[in-house]
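The values are calculated or read from the model by the stated rules, or taken from the named source; none is laboratory data. Since the model is a prediction, treat every value here as computed from it, not as a measurement. Methodologically, a virtual Cβ is constructed for each residue, glycine included, from the backbone with ideal geometry; neighbour enumeration extends over all protein chains shown. Note: accessible area is taken over every heavy atom of the protein model, side chains too, but ligands, DNA and RNA are not part of it. Shrake-Rupley method; radii C 1.70, N 1.55, O 1.52, S 1.80 Å.
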Amino acid sequence: MERKLTTGVLAGLIAAAFVPCVSAADIGQGHKLELKARGIYFDREFENSANDRSQSALGLQLNYESPLFSDMIGIGLSGYSVTKLDASGDVRSDVLKADNDGSFHESFGKIAQAFVKLKFGDFGDMKVGRQLHDSLLLGSSTSRAVPNTYSGASGEFRPVKGLAIYGAYYDEWSRRADDGFEKFATDRSDEGDIDFVGVLGLNYTQGPVNVQLEYLNSKDFLSKLGLVGSYTFDLAKANKVKITAGVHTSRDAGKLFVTGAEGAELDDEDVPGSIAGVTRSDNDGKGMYLDADWTFGNVSLGAAVAKFDGAWIEDNFTGDHGTHPFPTGGVLADMTNNNETVWMVRAGYDWKDYIKGLKTTVKYKQGTGATNSHVSWRGEADESELEVDLRYQIPLLKGLSLRYRYLEYNSDKTGRLDGVLQDNTDHRVYLDYTYRFF
């Protein structure tokens, strides 16, 4: 039933859930109902032209969230749909879902969020059911037609002012271009699915200081630990300088971490003679970074440097592109390889004094010294990525925005190194509209 939902059916289901709530409170008294529409277009060109492709789609979200009844309990419900507009070139899943028969899904709908929310005074809150997630090491990506969502439970506890302890436990998820929920799994393993993905963390804020610590466990597959601290200096005339430092680790966590499980068809950085999907693999990756961001008037400038010891793995399970905690991380490639040093510079400008609603950002990342994580002489590489990001809040209609993102990735690789990809250029266009009924 879930796999064949149309946009009309989704609207009906949400309305059915909404009507009983209206009888308990007047419309607009704490109820939230919004429609989000996204037209999305990707055009991708590769060093190997056989991989070139373009895809476009229309994504719709109808999101409802109730107020807290008795200041304790409420509900949330969201229907998502994606409709193919056009596609050409190589048949692979980017914006659209590619089927095994070499075609794309024409359209699909799903109940992407369906949760109960609980509040425990000022000390904490909880969500149970299908939901979005956003934390240091796990997140619902918003870079496609609709976000991916998770099924399970999450919560936050606030014992004292400025301190939040949070956690989440999920046993299923729904991909950005899929019509249903599925178990977590690896790219290649005969051992079975990942039972759950769990997150435990804390966030402390006191004045200009912020510290965040998070642990992620992808059961029997991979574990991660992240520690980030920042300090914001307030300067004259509302200028600010923010300094951030972080350290992140990723380690193999059990029987599911086998050769090829983390994304490679045949892992180029494993023990020679390993059998994909069978031979146990190992990972001991660590990355550290320092980032500085300076904002003055309509201008923002930034720079960062990161250094890696071992390959830090972004993916938490198959099909997931993780949440990249490094400011030096590339969009088209992770840029988190063994022995790699990555530099990043960025500049942004708010054109509100000339064109209201227009903002631009340019980033350039350069990675050098990357080597094969098993035997360094088996592969080495340098890589770079240029990103130009234009965002325009269109003044003609409230809630309407346009975004264009240009990405160019280049690499120079010798030998075998999984994390370094072929040259790639992307043009990405997003036309978003949000209408809030109440």
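Answer yes or no: is there a residue in the range 314-325 that is closer than 24 Å to Tyr430 by Cα, in contact with a His (Cβ under 8 Å, 6 or more places away or on another chain) and open to solvent by less than 40 Å² (accessible area, probe 1.4 Å).
yes
As an exercise: evaluate His374 against (1) over 23 Å from the mean Cα position of the chain (by Cα); (2) assigned to a strand (DSSP E or B) and give the number of the one condition it does not meet.
Looking at each condition in turn, His374 falls short on (2).
If you go through the range 141-159 one residue at a time, how many are among the hydroxyl-bearing types (Ser, Thr, Tyr) and at pLDDT 95 or above?
Within the range 141-159, residues that are among the hydroxyl-bearing types (Ser, Thr, Tyr) and at pLDDT 95 or above number 4.
For the list (1) touching a Ser or Thr at 6+ places or on another chain (Cβ under 8 Å); (2) open to solvent by 40 Å² or more (accessible area, probe 1.4 Å); (3) in a loop (DSSP other than H, G, I, E, B), I need the number of the one condition that Ala347 fails.
Status for Ala347: all satisfied but (3).
Would you tally the residues in the range 47-60 being under 23 Å from the mean Cα position of the chain (by Cα) and either touching a residue at least 60 places away in the same chain (Cβ under 8 Å) or under 21 Å from Thr434 (Cβ atoms) (or both)?
Qualifying residue count for the region: 5.
Being over 27 Å from Asn51 (Cα atoms) and modelled with pLDDT under 95 narrows it down to one of Trp377, Trp351, so name that one.
Trp377
Out of (1) under 30 Å from Glu408 (Cβ atoms); (2) part of a strand (DSSP E or B); (3) in contact with a Phe, Trp or Tyr (Cβ under 8 Å, 6 or more places away or on another chain), the odd one out for Lys110 is which?
Just one mismatch for Lys110, condition (1).
Identify, please: which residue in the range 85-95 is under 22 Å from the mean Cα position of the chain (by Cα) and open to solvent by 60 Å² or more (accessible area, probe 1.4 Å) and is, among those, nearest to Glu34 (Cα to Cα)?
My answer is Ser93.
Could you list, in sequence order, all residues of the range 281-309 that are surrounded by fewer than 16 Cβ atoms within 10 Å (Cβ to Cβ) and modelled with pLDDT under 95?
Passing the criteria: Asp282, Asp284, Phe296, Gly297.
Conditions (1) surrounded by 20 or more Cβ atoms within 10 Å (Cβ to Cβ); (2) in a strand (DSSP E or B); (3) in contact with a His (Cβ under 7 Å, 6 or more places away or on another chain), marked per residue:
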| position | (1), (2), (3) |
| --- | --- |
| Arg144 | yes, no, no |
| Ser154 | yes, yes, yes |
| Lys161 | no, no, no |
| Trp173 | yes, yes, no |
| Lys183 | no, yes, no |
| Thr186 | yes, no, no |
| Gly192 | no, no, no |
| Leu200 | no, yes, no |
| Asn203 | no, yes, no |
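If the Cβ limit is 6 Å and pairs must be 6+ apart or interchain, which residue in the range 172-200 that is without any contact (Cβ under 8 Å) to a residue 60 or more places away in the chain pairs with which residue that is basic (Lys, Arg) and in a loop (DSSP other than H, G, I, E, B)?
Taking only residues 6 or more apart or on different chains, the pairs are Arg176/Arg144; Asp195/Lys219; Phe196/Lys219.
Which of the residues spanning the range 205-214 are assigned to a strand (DSSP E or B) and either within 12 Å of Thr244 (Cα to Cα) or hydroxyl-bearing (Ser, Thr, Tyr) (or both)?
Selection gives Thr205, Val209, Asn210, Val211, Gln212.
So which residues in the range 219-243 are under 22 Å from the mean Cα position of the chain (by Cα), of a type outside the set (A, V, I, L, M, F, W, C) and either part of a strand (DSSP E or B) or loosely packed, with under 15 Cβ neighbours inside 10 Å (or both)?
If the condition is that a residue be under 22 Å from the mean Cα position of the chain (by Cα), of a type outside the set (A, V, I, L, M, F, W, C) and either part of a strand (DSSP E or B) or loosely packed, with under 15 Cβ neighbours inside 10 Å (or both), then Ser223, Lys224, Gly226, Gly229, Ser230 are the ones that fit.
Which residues, taken from the range 61-82, are in a strand (DSSP E or B) and either of a type in the set (S, T, N, Q) or without any contact (Cβ under 8 Å) to a residue 60 or more places away in the chain (or both)?
Listed by number, the residues that qualify are Gln61, Leu62, Asn63, Tyr64, Glu65, Phe69, Ile73, Gly74, Ile75, Gly76, Ser78, Ser81.
Looking only at the range 125-133, decide whether some residue is assigned to a strand (DSSP E or B) and among the basic types (Lys, Arg).
For the range 125-133, residues assigned to a strand (DSSP E or B) and among the basic types (Lys, Arg): present.
Please enumerate the residues belonging to the range 393-421 that are more than 22 Å from the chain's Cα centre (by Cα) and open to solvent by 60 Å² or more (accessible area, probe 1.4 Å).
Those that are more than 22 Å from the chain's Cα centre (by Cα) and open to solvent by 60 Å² or more (accessible area, probe 1.4 Å): Gln393, Pro395, Leu396, Leu397, Lys398, Asp412, Lys413, Thr414, Arg416.
For the range 152-181, which residues satisfy the criterion of being within 30 Å of Glu106 (Cα to Cα), among the charged types (D, E, K, R) and touching a strand residue (DSSP E or B) at 6+ places or on another chain (Cβ under 6 Å)?
Within the range 152-181, Asp171, Glu172, Asp179 qualify.
Only one of these conditions is not met by Leu136: (1) open to solvent by 20 Å² or more (accessible area, probe 1.4 Å); (2) in contact (Cβ under 8 Å) with a residue 60 or more places away in the chain; (3) out of contact with any Gly (no Cβ under 7 Å at 6 or more places or on another chain); (4) among the hydrophobic types (A, V, I, L, M, F, W, C). Which number is it?
(3)
I'd like to know if the range 377-386 contains one or more residues that are in contact (Cβ under 8 Å) with a residue 40 or more places away in the chain, open to solvent by 20 Å² or more (accessible area, probe 1.4 Å), more than 24 Å from Arg44 (Cα to Cα) and not aliphatic (A, V, I, L, M).
yes
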